[in-house]
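To start, the structure itself, in structure tokens.
The values are calculated or read from the model by the stated rules, or taken from the named source; none is laboratory data. Quantities reported herein were computed from a predicted structural model and do not represent experimental measurements. FYI the Cβ positions are ideal-geometry reconstructions off the backbone, even for glycines, and counts take in every protein chain you see.
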Amino acid sequence: MGLTTLQNDCLELMEKSLFVDFTTIDQDGFPATRAMLNLRNRKLYPRLQPLYAAEKHPLTVYLTTNSNSDKIDELAINPYACLYYCWPDDFHGVLLQGYVESIKDDDFKRLVWHSGWEIYHPIVEDSPVDDYSRYALLRFIPTRLKTYANFKVERSGV
């Protein structure tokens, strides 16, 4: 099955943006938004592209965080979230709404891991070098899509 024009436009922006805004719902019911590394960026993360190609949904996104972050607690209560990608200079944006799964498979987590991420996910003292206990990998699966371009809004299920 091919991608729709709207999905292709979305993917183009996702694959070029440096960061993505990720919103969850906190324990008090308020939105909590933060900028995250954009692992869909083809230039920054080329070796992840085969993993994305293997996903059932073409707009799936991986996100990394610390296993003890607020995001993990928030998603345990409410797995629904949204991602927002944008090129602010030309008023082009993509909003994806969906749900998040936590990936527990250590082998898969190692495939996604990039050197340099130790700054975000410190190795636990006195543990093996490949201990990823502080590194959480999330899979965002979109169910709704909204684009903003040329002063026009388009919506779609995905």
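Okay, here's what the table says:
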| quantity | calculated |
| --- | --- |
| In the range 29-62, the residues that are more than 13 Å from the chain's Cα centre (by Cα), basic (Lys, Arg) and more than 15 Å from residue 111 (Cβ to Cβ) | 42, 43, 56 |
| Only listed residue being modelled with pLDDT under 80 and of a type in the set (Ser, Thr, Tyr), chosen from 84, 132 | 132 |
| Lone unmet requirement of (1) part of a helix (DSSP H, G or I); (2) of a type in the set (A, V, I, L, M); (3) surrounded by 14 or more Cβ atoms within 10 Å (Cβ to Cβ) for residue 94 | (1) |
| Unique match (being in contact (Cβ under 8 Å) with a residue 40 or more places away in the chain and more than 23 Å from residue 121 (Cα to Cα)) among 6, 63, 51, 39 | 6 |
| Flag if residue 101 is in a helix (DSSP H, G or I), of a type in the set (Asp, Glu) and either surrounded by fewer than 14 Cβ atoms within 10 Å (Cβ to Cβ) or at negative phi (or both) | no |
| Filter result (surrounded by 16 or more Cβ atoms within 10 Å (Cβ to Cβ), assigned to a helix (DSSP H, G or I), out of contact with any Lys or Arg (no Cβ under 6 Å at 6 or more places or on another chain) and not acidic (Asp, Glu)) within the range 1-43 | 6, 7, 10, 11, 13 |
| Flag for residue 157 being surrounded by fewer than 17 Cβ atoms within 10 Å (Cβ to Cβ) and either over 14 Å from the mean Cα position of the chain (by Cα) or at pLDDT 80 or above (or both) | yes |
| Residue check for residue 68: outside any strand (DSSP E or B) and in contact with a Leu (Cβ under 9 Å, 6 or more places away or on another chain) | no |
